[in-house]
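**Q** Mind having a look at this structure? Questions to follow.
What follows is calculated from the coordinates using simple rules that are stated; it is not laboratory data. Note that this is a predicted model, so its numbers are computed, not measured. Heads up, the Cβs are rebuilt from the backbone with ideal geometry, glycines too, and the neighbour counts pull from every protein chain shown.
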Amino acid sequence: MRLWPAALVLASAALAAPLTAYGNARFGYLVAAPAGLLAQRPPDNGDGQSWQSADGQVKVSVWGSHAPGVLNQATPAAWITHSAQSWREQGARLTYRRLLPGAFVLSGFQKDGRIFYQKVLVRNGEEAAVLVVYPVARRAVWDRVAAQVASTLRWGR
């Protein structure tokens, strides 16, 4: 894990929640996660990190990938179509889809009714992604926090 200057975290508009910086050395992406969540054991392959609330109801996950699926869907426009279809196949209902330069955002409701908010950066056959999942009952706080966390996702190299 590589930490990055707090000024970058604080520069992400008005903070909805205190954030902790995380940098991934393997894929070179940076993100800030809510400081109040508990870090989980990182995967052995070093592709990311996850955090969850003490009651396990809220989860933030970040990862990088250069898996064949990403390589075959090398543009954000192709990758958003692939990702949206994958969410639908899992029983999710998509309510928001936005294509950005070099990135995309998908949001909606998982099969279990929890809200998900996912942002994915795409470049040269690689992805860096953040996924925030939370119950509808916590929407008043977590809609803002999820957008805040997603806004901090960027390539660091």
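**Q** If you place +1 on the Cβ of every Lys and Arg and -1 on the Cβ of every Asp and Glu, how big does the dipole about the Cα centre of the range 19-157 come out, in debye to the nearest 20?
**A** Details: 16 positive and 8 negative charges, 70 e Å.
My answer is approximately 340 debye.
**Q** Starting from the 7 Å offset along Cα-to-Cβ, what nm value, one decimal, do you get for the label separation of R88 and R41?
**A** Rounded to a tenth, the inter-label distance reads 3.7 nm.
**Q** Would you list the P(r) distribution for the range 57-147, with all Cα-Cα distances sorted into 5 Å bins from 0 and each bin expressed as a whole %?
**A** Spelled out bin by bin, the range 57-147 gives 3, 15, 25, 24, 18, 10, 3, 1 percent.
**Q** Quote the FRET efficiency, to the nearest 0.05, computed for R98 versus V141 with a Förster distance R0 of 22 Å and r equal to the Cβ-Cβ distance. Don't jump to the answer; show the numbers that get you there.
**A** Working: r = 22 Å, r/R0 = 0.99.
Plugging the Cβ-Cβ distance into 1/(1 + (r/R0)^6) gives 0.50.
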